[in-house]
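The structure under discussion appears below in the form of structure tokens.
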Amino acid sequence: MEMIVALILFPFAVAAVLACVSDNKIRKAVVYFSAFAIMISAVVFTVGFLIRGERLSHLPHTEIIDRGMLVVEALLTCLIIWLSIKYKKYYAALLSVAQTGLMAWLELSGRTEGFELNHIFCDRLTLIMVLMIGIVGSFICIYAVGYMNDYHHHHTEYKDRRKFFFAMLFVFLGAMFGLVFSSNLIWIYFFWEITSVSSFLLIGYTRTDEAVHNSFRALWMNLLGGLAFAIAIAYAVIELNIINLSQITESGSKLVAVPLTLLAFAGLTKSAQMPFSRWLMGAMVAPTPTSALLHSATMVKAGVYLLIRLAPALKGSVAGYTVALLGGFTFFIASIRAIIHSDGKKILAYSTVSNLGLITACAGVGYDETVWAAIFLMMFHAVSKSLLFQSVGAVENATGSRDVENMHGLIKRYPFYAVVITIGIAGMFLAPFGMLISKWAALKAFVDAKNILLVLLLAFGSATTMFYWTKWLLKILAWSEKTETQKNTTSKGQWLSLAAHAVIMVCLVLFYPMISRVFMQPLLDAMYDYEVLQVLSITDMVIMAMMVGAIFIVPVIAWLISRKSKVTMTTAYMSGVNHDDGRKFVDSFGEEKDTYLANWYLLDMFGPTKFMKPATIIAAAGLIVGMVLAIGGVL
């Protein structure tokens with residue numbers, strides 16, 4: 001219990017310290033020490049929990065803590081009101097006042113008293129989240145130290161607010177620890193709102209007009225989900241005498257469909273599902289560590305975490321069908337949208353929205369197989385996306401560009417960047433990395449559920465996913481004879497984080513079966529209250545082991561062969577006379593022209609004005625109809 005409290009409170013204490021530290025050397029020491037302390041604590045806690053077995057910790061007398069949380073919520077609302085008035089975004093203030101006012105009335109009226117409270121809960125899903133937040137999130141903080149030094153060196157037009165920036169990173173970690181350890185819906189809501197406000201403040205870090213606009217868009221969309229969360233709590237407390245999240249999935253009452261639907265709506269907004277995906281795209285204006293943290297270990301993972309918790313109750317319900325179809329639709333549409341972009345961060349952002357859609361679809365279907373797939377998708381996505389965002393940020397600082405077209409020959413110019421980006425991309429769509437195997441498990445479960453529409457969305461969405469990842473990967477690996485290796489100026493902290501993420505990704509592949517056996521099987525048995533059949537068969541594991549071997553053996557064999565044989569560089573024939581090593585050619589009219597390689601982005605087919613607006617309208621209409629049917633059917 002003491003370690004749980006420490007994991008929640010320690011990041012907040014570090015944030016308070018960092019908010020007062022201006023010296024870069026002292027800040028670096030504090031961040032490094034704190035990040036490693038959090039990582040070690042997360043690992044020690046997980047190992048200790050697995051040795052001792054599952055246990056449930058009660059905190060029955062927490063009136064002072066509850067009142068303190070209410071005070072913090074009021075302060076956050078005052079902050080939102082002040083900033084909303086300052087920037088004339090009054091709608092955000094109204095949403096914040098509405099939900100905070102509802103929660104204050106609920107608690108101060110005494111309606112939450114008399115419950116047998118169970119504030120803290122921990123199972124194997126909690127452990128997975130703790131490791132994800134503690135390890136991935138902490139390495140992002142380490143990476144941010146060197147990155148932000150380079151960032152303000154290149155962007156002198158922005159005010160240096162690193163004290164605030166690093167404080168918010170650790171507030172995020174503390175809020176996420178609090179969220180995943182909480183069972184009481186009021187406590188979950190409290191930490192949920194802290195993540196919403198923290199993301200709002202980080203997205204608006206540069207205070208440009210674009211940053212302010214995008215930060216408020218993220219805020220109002222997440223506050224809308226927060227309002228639904230608050231209404232769900234009020235309804236559950238008043239009508240169902242429910243105050244713990246576990247009671248939502250265990251209740252046999254038909255009326256539980258109301259809070260279930262509202263909580264699922266909150267999960268959809270937080271995980272940036274259509275029609276709310278625009279807030280996550282707008283977050284790209286923030287410095288890269290913010291993007292890495294939002295997309296991997298915190299913000300969006302809070303949304304899918306809640307949906308996974310609700311999965312057994314969503315199974316077979318109208319709310320579940322709505323969540324599943326919206327998730328599948330988001331997966332397909334966002335993967336198509338990623339095709340038309342060459343900006344590395346935008347591709348990663350749409351990829352995040354797309355993969356969150358698949359995780360959401362799995363949670364909405366609610367089968368044990370789909371929950372297994374959802375959790376593994378979440379794990380691999382967290383590590384891979386954090387690695388890719390950090391890599392793109394490092395490449396941008398080194399080359400001045402994050403455009404995929406400008407990454408041509410990266411394998412020769414910056415070999416280490418190319419290696420870690422390749423590992424990250426492999427983690428997203430190549431076998432035997434978990435994203436692909438998890439998609440296979442999801443596809444099998446969709447077929448078993450006889451949901452043909454989800455099967456089609458997954459099949460076509462996976463095809464477009466392969467298209468944009470392959471374009472990027474081959475651009476990195478293509479180079480000419482005159483490509484030269486560039487001097488590397490990346491800081492040691494950034495290298496440490498990138499290398500650690502790459503190693504973690506490979507380890508996830510190697511220990512995939514063990515993770516399934518130690519974490520997933522007991523978790524699913526407990527969630528569904530019956531013995532769940534093993535999702536990965538022995539045959540699957542053998543095939544996967546062979547794939548792992550091939551990944552390492554085939555390149556080594558190719559390298560040995562290339563050493564013994566003479567490699568001849570050839571250039572493409574451009575219907576004229578090539579010269580300057582194929583970089584230029586003389587056409588049939590005798591004019592000299594440059595030769596270049598460029599990917600196809602299909603703008604004429606999937607441009608922003610032709611595709612996104614109709615898809616958003618369809619998603620919004622589907623969400624409204626689904627919620628009306630889910631709630632209206634029991635009222």
Once the dipole of the chain is set up with Lys and Arg at +1 and Asp and Glu at -1 on Cβ about the Cα centre, which of N451, H152, V43 lies farthest towards its positive end? H152
If I take the Cα coordinates of segment 336-383 and project them onto the principal axes, what are the three extents in Å, biggest first? 37, 21, 9
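Can you compute the charge dipole magnitude of the chain about its Cα centre, using +1 on each Lys and Arg Cβ and -1 on each Asp and Glu Cβ, nothing else charged? Give it in debye, rounded to the nearest 20. All intermediate terms of the calculation are to be shown ahead of the outcome.
On the way: 47 positive and 38 negative charges, 227 e Å.
The dipole of the chain has a size of about 1100 debye.
222 nm [θ] for the chain, helices only, -39500 (n - 2.57) per DSSP H run of 4+, per residue, to 500?
That calculation yields -24000 deg cm²/dmol at 222 nm.
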Using the structure shown, list the pairs from K89/K346; K471/K492; K270/K613; K301/K492 with a Cα-Cα distance above 22 Å, or answer none. K89/K346; K471/K492; K301/K492
Rounded to two decimals, what ratio of Rg to Rh does segment 287-422 give with C-alpha atoms and a Kirkwood Rh? 1.06
Rg/Rh of segment 188-303 (Cα atoms, Kirkwood Rh), to two decimals, equals 1.05
Karplus-derived 3J(HN,Hα) from phi for segment 190-206 (6.51 cos²θ - 1.76 cosθ + 1.60, θ = phi - 60°), whole Hz, x at Gly and Pro, runs 4, 5, 4, 5, 4, 5, 5, 5, 4, 5, 4, 5, 6, 5, x, 4, 7
Sequence of Y601, Y158, Y90 when ordered by accessible area, the most exposed leading, probe 1.4 angstrom: Y90, Y158, Y601
Output the relative contact order of segment 88-241, whole-number percent, from Cα pairs under 8 angstrom with separation of 6+ residues. 34
Of 222-229, 74-81, 362-369, ordering from highest average Cβ density within 10 Å down gives 362-369, 222-229, 74-81
Leaving out ligands, DNA and RNA but keeping every protein chain, what accessible area does V71 have, in Å² rounded to the nearest 10, with a 1.4 Å probe? 80
Counting only residues 5 or more places away or on other chains, whose amide H sits under 5 Å from the amide H of D343 once H atoms are built in the peptide plane? V404
Where the convex hull is taken over the Cα atoms of segment 15-109, what is its projected area averaged over directions, in nm²? 10.0
Dividing the convex hull volume of the Cα atoms of segment 68-148 by its residue count, what figure in Å³ per residue is obtained? 153
Report E2's accessible area, 1.4 Å probe, all protein chains in place, as a number in Å² to the nearest 10. 140
Quick note, segment 296-359: a/c under 1.5 would make it rounded; otherwise a/b > b/c is prolate and the rest oblate (a ≥ b ≥ c, C-alpha gyration tensor); here it is oblate
Angle, helix 162-181 long axis vs. longest principal axis of the chain, Cα atoms, 0 to 90°, nearest 10? 60
So if we plug the beta-carbon distance of D343 and L9 into 1/(1 + (r/R0)^6) with R0 = 45 Å, what FRET efficiency do we get, rounded to 0.05? 0.70
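The values are calculated or read from the model by the stated rules, or taken from the named source; none is laboratory data. As the structure is a prediction and not an experimental result, all values here were calculated from the model. Cβ: placed from backbone, ideal geometry, glycine included. Neighbour counts: every protein chain shown. For the accessible areas, the whole protein counts, side chains as well, though only heavy atoms, and no ligand, DNA or RNA atoms are used. Shrake-Rupley method; radii C 1.70, N 1.55, O 1.52, S 1.80 Å.
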